[in-house]
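Worksheet: one structure, shown below.
Here, each number is a calculation from the coordinates, and none is a lab measurement. The structure presented is a predicted model; accordingly, all values stated were derived computationally and were not measured. Backbone-built Cβ (ideal geometry, glycine too); neighbour counts: all protein chains shown.
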Amino acid sequence: MRTILFLLQKEFKQIFRNRAILVMISVMPVVQLMVLPLAANYEVKNINLCVVDHDHSTTSQKLINKIISSGYFKLTGNAPSFHEAFPLMESDAADLILEVPQNFERNLVREDEQKLFVAVNAINGTKANLGGAYLGSIIRDYNREIRLDWNVPGRFNAAPVIDISSSNWFNPLLNYRVFMVPGILAILVTMIGGFLTALNIVKEKEVGTIEQINVTPLRKHHFILGKLIPFWVLGNVVFTLGLLVAWAIYGIVPVGNLIVLYVFVGVYLLAVLGFGLLVSTFCDTQQQAMFIMFFFMMIFILMGGLFTPIDSMPEWAKLISRFNPVSYLISVMRMVVLKGSDLHDVRVHLGIVALFAVVLNGWAVLNYKKTT
Amino acid sequence: MKQFLTFVRKEFAHVLRDRKTLLILFGMPVVQILIFGFALTSEVKNSRVLIVDNANDAASQQLLTKIEASQYFEVDRSVMSPLQMEAAFREGEIKMAIVFPANFNEDLLHQNQAHVQIVTDASDPNTATSLTNYVSSIIQDYQASLNQTLSVPLRILPETRFIYNPQLKGVYNYVPGVMALVLMLVCVMMTAVSIVREKETGTMEVLLVSPFKPVLVILSKAVPYLILSLVNVGTILLMSIFVLDLPVAGNLLLLLAESTLFIITCLTLGIFISIKTSSQQVAMLISLMGMLLPTMLFSGFMFPIENMPVPLQIISNIVPSKWYYLIVKAVMIKGLGFSAIWKETLILAGMTLFLFVISLKNFKIRLA
Amino acid sequence: MTETVIKTDKLTKRFGDFIATNGITFEVHKGEIFGFLGANGAGKTTAMRMLCGLSKPSSGSAQVAGFDVYKQTEQIKRNIGYMSQKFSLYEDLTVVENIRFFGGIYGLSNADIKTKSESLLAQLGMESEAKKLVGSLPLGWKQKLSFSVAVLHRPKIVFLDEPTGGVDPVTRRQFWNLIYAAAQDGITIFVTTHYMDEAEYCNRISIMVDGKIEALDTPRALKQRYNTTTMDDVFYQLARGAKRSE
């Protein structure tokens, strides 16, 4: 027990003497939490629209005005023909081209039906889909308006209507940042815990001090505990810092109990540190460790449900994400912070993450050899 | 020249000897393509939906069948009080609840108006919006089918064509992004760290006192990564053609030439970082924070740049990957020629030149 | 008869086809300064790492401080000190912090650590450097400090792997004074070196060639046997037949 105190003392002194680490645990969380939620915004707005109006009637003008005043679209060009509008799409100046055919107004009255042509730049599928849908619903709305304005057939009112009322629980304003911030905080805690642990041990290998430790009677699990505890503490510091930033900048206060959060993060950190430890036992240089760590972190983060829903993944990918500790933290963070879930609600997550902690650390201890 | 080749050979030996890193270098693009190509989709589907059918009559049953048939939902029927519902939301069991009131059919038939209530877990706003939209359109369809017999006057029918990516596949957006990301990682991070490593272990001094020009020492470190990166570009292109069915629409040679330019930009950036730093950890930190993150954020392949606050939009202009991403998109997907990307090319070339000059300047100061 | 602290019998280490240490057999007595010589790549460091419990032997047997190198490595570690070729104190800790840390790991009491670090600093004349980061010290000082830390816990045996590489002659002399003082206290010294003048300081020396011990005796006896006046010549006659060198 006493030896662990000596180890802890040493680790903390080294950490506080290392500027890179201090920057990493203080500046990085703040900057990331400030920039990422602002940048990571999937909301689709400011869609660049180019209009080719062959009709030049009041009807077409009103429609165009209606589209632009919806707030989703920005008129970036008017072209006399589709052919001349297309280069705008090639150069990304237009995401969407709306073509109104000649005699649109006249034919609408005569034939009761007219077509509008919409071309969407679909490289970004999501944006194209949503942009198209927005435009469609604006056109439908407009359609209804002109029906009311021009002729109101009585029979139309007789049709049954299903009225849909929808309510959005836990985040009524549909604020995307409130959704992103807890997820980003989860990533931060993971990255810092994992990278620091892996790099720290490999550095001792690279410099050669680990050899000196290996000839001492120091017990294996003491050494590993001596490494885990400081980074566990740092992880919690980063987490606390992150919560404070979330509160100060975004006004996010966890709906649920803070103790639930800390209990979960405490167990989770053990799992992540165990992973860092495990990586370090496989590597000889910091470059290697960093690269391997980066590789796994990338998979963990991309498949952790931060940006895209896990439910939508194909079965094989869902299976992989079940072995991804990050996905559990992201989901628990969102549950507790946004929905106020309690310990009972997250018990399955907690159990699985605890299992991760045991397996990863056990594996790392087995793999850490004092002899070659 | 012969000396230069000797140095390059030494660097290759270093790179090739580290099997673990090498495996990851080549495995990274493959895994990324697979993840982005097959696992990730921002489309919302397979969401668990609770249906509380208090009516249990003909109309509600018809609507339910329609909802259950949709691939977007995994429907679970049961009757719950609002309180139980909230608990289910908190445990994360359901993403949405649809509640039919008692007398749904009757209201619809006799009063011409019936209500459906939708509750979503809006902690994920995108999923909530999408789910609401899906259900609304199913209900509207149903409503339209009730009105089928009546003809509607004055129909405006938008006819939508999706250009470049008719099936709306995510890979069209991701592949150029993955290219930028992988090249950034390999070139900047690997070059910076490997040079700083030589500084840390002291072997750099040995090289610098050799009669060989110091600038060439540094350049020779960049050559293996240039070649590795070209191999990675090849892997990504082959995978995108044969695995993802995404062919190169434009000129392949032009794409390769532009990629080489971007690789050189990244290498210069890596060299610049290595000159400015003295420990591997700092070099990694800068590459990670300063390069990779901005590439993910500001190249525009994950998040639309035009949605960001103006200061971030301005910052995005100094991220080289943004320009490369635009180039790849133009050449590979839109099939455009050099005339469409000369501006982006010029910007990348300018950045490279700038980085090269300041690296050279800083390097000389260090030696003096 | 003096006590035997290291005893090996046909100790061997293979790395694949390569036999780094090939069946070496020798004994080291308590309080002795035992020199372990050999050209680069002769297998000295490998042998030493096996004796310290850092590396598992492929075959043969060895006891260090009465403990078996296969099964009792942890007991061995409690009884030895080790100073590797590579400098291995923490450069980002101060002199005192390093002493405290290693003292703590070996289970010294706080009072013990305090008195020992004071006497150690006095002995090395480094009182004014006590609070400096080890990384900022000149190499010679680092090596002396490293040795003092290796014997801080009064081990039975201390293993020194080329401790004076790259150190100036004056510091080397001071370093050997430290070694003598430790030997006087009854600590057995097991040292590898390339400097033949240092070999002369040893009670007995062994010379390894291509993984085998070719000669083992006192410096004087060796010089007589090979009919020369200097250890240089002894070493040269033995080592020039070597097939492997770096």
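Annotations for the structure displayed:
- Vicinal HN-Hα couplings computed from phi for segment B:18-24 (Karplus, 6.51 cos²θ - 1.76 cosθ + 1.60; Hz; Gly/Pro x): 7, 4, 4, 5, 4, 4, 6
- ³J(HN,Hα), Karplus 6.51/-1.76/1.60, whole Hz, each residue of segment A:116-124, x for Gly, Pro: 10, 9, 10, 10, 10, 6, 9, 4, 8
- Placing a pseudo-label 7 Å from each Cα along the Cα-to-Cβ vector at B:Ala102 and A:Gln61 gives an inter-label distance of 5.7 nm.
- Pairs beyond 26 Å (Cα-Cα), from A:Lys220/C:Lys10; B:Lys199/C:Lys77; A:Lys127/B:Lys322; A:Lys220/C:Lys86: A:Lys220/C:Lys10; B:Lys199/C:Lys77
- Shielding by partners, peptide B:39-49 (average Cβ within 10 angstrom, other chains): 6
- Residue-wise HN-Hα couplings along segment C:68-79, as the Karplus relation 6.51 cos²θ - 1.76 cosθ + 1.60 with θ = phi - 60° gives them from phi, are 7, 6, 7, 9, 10, 4, 5, 5, 4, 4, 5, 10 Hz; Gly and Pro carry x.
- Reducing segment A:336-362 and segment C:110-133 to their Cα centroids gives an inter-centroid distance of 48 Å.
- Our note on the geometry: Cα centres of segment C:180-239 and segment A:182-217, 42 Å apart.
- Peptide packing: for C:193-205, B:15-27, the average count of neighbouring Cβ atoms within 10 Å per residue gives the ranking C:193-205, B:15-27, highest mean first.
- Hypothetical label at B:Glu205: residues of segment B:269-289 whose amide nitrogen lies under 16 Å (7 Å Cα-Cβ projection): B:278-279
- Fraction of beta bridges assigned by DSSP in segment B:47-143 that are antiparallel (%, nearest 5): 30
- Summary of packing: across the peptides B:128-137, C:29-38, the per-residue average of other C-beta atoms within 10 Å ranks them, highest first, as C:29-38, B:128-137.
- With eigenvalues of the C-alpha gyration tensor scaled by 5 and rooted, the protein assembly as shown, Å: 70, 33, 22
- Amide H contacts of C:Ile213 (H built 1.01 Å from N, under 5 Å, at least 5 apart or other chain): C:Thr25
- Take every pair of alpha-carbon atoms less than 8 Å apart whose residues are at least six positions apart; their mean separation over the length of chain C yields a relative contact order of 27 percent.
- Excluding same-chain neighbours fewer than eight residues apart, the lysines reachable from B:Lys66 by a Cα-Cα span under 22 Å are B:Lys45, B:Lys95.
- Value of relative contact order over segment A:47-156, rounded to a whole percent, pairs C-alpha under 8 Å and six or more apart: 29
- Label-point gap, in nm, between B:Arg9 and A:Asn367 - each point 7 angstrom along Cα→Cβ: 3.6
- Note on segment B:166-260: Kirkwood radius taken over Cα pairs, Stokes-Einstein applied at 37 °C and 0.692 mPa s, translational D equal to 211 µm² s⁻¹.
- Cysteines in the protein assembly as shown that lack a partner Cβ within the 4.7 Å cut-off: A:Cys50, A:Cys283, C:Cys52, C:Cys202.
- Angstrom value of the Kirkwood radius, inverse mean 1/r, which spans all Cα pairs in chain B: 24.7
- FRET efficiency estimate (nearest 0.05) - Cβ-Cβ, C:Asp232 to C:Arg14, R0 35 angstrom: 0.65
- Taking B:Cys187, C:Cys52 and counting other C-beta atoms within 10 Å, the order from fewest to most: C:Cys52, B:Cys187
- Residue order, fewest to most beta carbons within 10 Å, for A:Ser166, B:Ser194: A:Ser166, B:Ser194
- The mean number of Cβ atoms from other chains found within 10 Å of a Cβ in peptide A:169-179 is 5, as a whole number.
- Computed helical MRE - 222 nm, chain C, DSSP H runs ≥ 4 contributing -39500 (n - 2.57), nearest 500: -11000 deg cm²/dmol
- Dividing the mean sequence gap of close Cα pairs (under 8 Å, 6+ apart) by how many residues chain B holds gives a relative contact order of 18 percent.
- When its C-alpha radius of gyration is set against 2.2 N^0.38 Å (N residues), segment B:47-143 gives a value of 1.04.
- Counting neighbouring Cβ atoms within 10 Å and putting the fewest first, the residues B:Lys199, C:Lys144 line up as B:Lys199, C:Lys144.
- Sites B:Arg19 and A:Phe12 - FRET efficiency at Förster radius 30 Å, r taken between beta-carbons, to 0.05: 0.25
- For the segment B:128-141, counting C-beta atoms of other chains within 10 Å of every residue's C-beta and taking the mean gives 3.
- Note on A:Glu113 and A:Ser165: with the Förster distance fixed at 35 Å, the Cβ-Cβ geometry gives a FRET efficiency of about 0.60.
- Principal semi-axes in Å for chain A [√(5λ), Cα gyration tensor, largest first]: 58, 23, 17
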